[in-house]
Amino acid sequence: MAKRGGFPGGMPGNMNNLMKQAQKMQKQMEENQKALEEKEFTATAGGGAVEVTISGKKEVTKVKISEDAVDPDDVEMLEDLIMAATNEALRKVEDEAAKAMGKLAGGLGSMGGGFPF
């Protein structure tokens with residue numbers, strides 16, 4: 001006769017531990033996401049001629065353009081500088097998110113030796 005709440009063939013308490021660890025990781029992921037969303041990431045282009053700040057929610061919060069970068073005869077260069085600074089700031093957000101996820105993923109090994117697949 002099998003124990004109540006257990007699994008036939010083994011793992012009676014192990015499943016509860018896995019569930020608790022999964023819930024803990026989910027909470028940590030939510031906390032990390034909230035912390036990331038509250039941060040700001042700034043990048044520049046053109047030697048500082050253009051500066052773009054992006055929130056962790058991937059929203060542009062500030063664009064700063066040096067007067068030297070404003071050339072009515074070369075609007076294309078200014079557009080390129082804005083695009084470059086924005087893309088770099090977005091990369092910073094992604095890098096920070098990847099680092100946070102990497103720390104959490106490192107804890108997967110403690111959840112019972114990993115998965116067989």
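What follows draws every value from the coordinates through simple rules; no lab data is involved. Everything numeric in this text was worked out from a predicted model, so none of it was measured. Here Cβ is always computed from backbone atoms with ideal geometry, including for glycine, and neighbour counts include all displayed protein chains.
What residue, among those in the stretch 13-53 that are within 10 Å of Ala85 (Cα to Cα) and under 21 Å from the mean Cα position of the chain (by Cα), is surrounded by the fewest Cβ atoms within 10 Å (Cβ to Cβ)?
Applying the filter and picking the extreme gives Thr42.
Only residues in the stretch 73-100 that are among the charged types (D, E, K, R) count as the first member; pair them with residues that are in a helix (DSSP H, G or I), Cβ under 8 angstrom, at least 6 apart or cross-chain, and list the lot.
From the stretch 73-100, the pairs are Glu96/Leu36.
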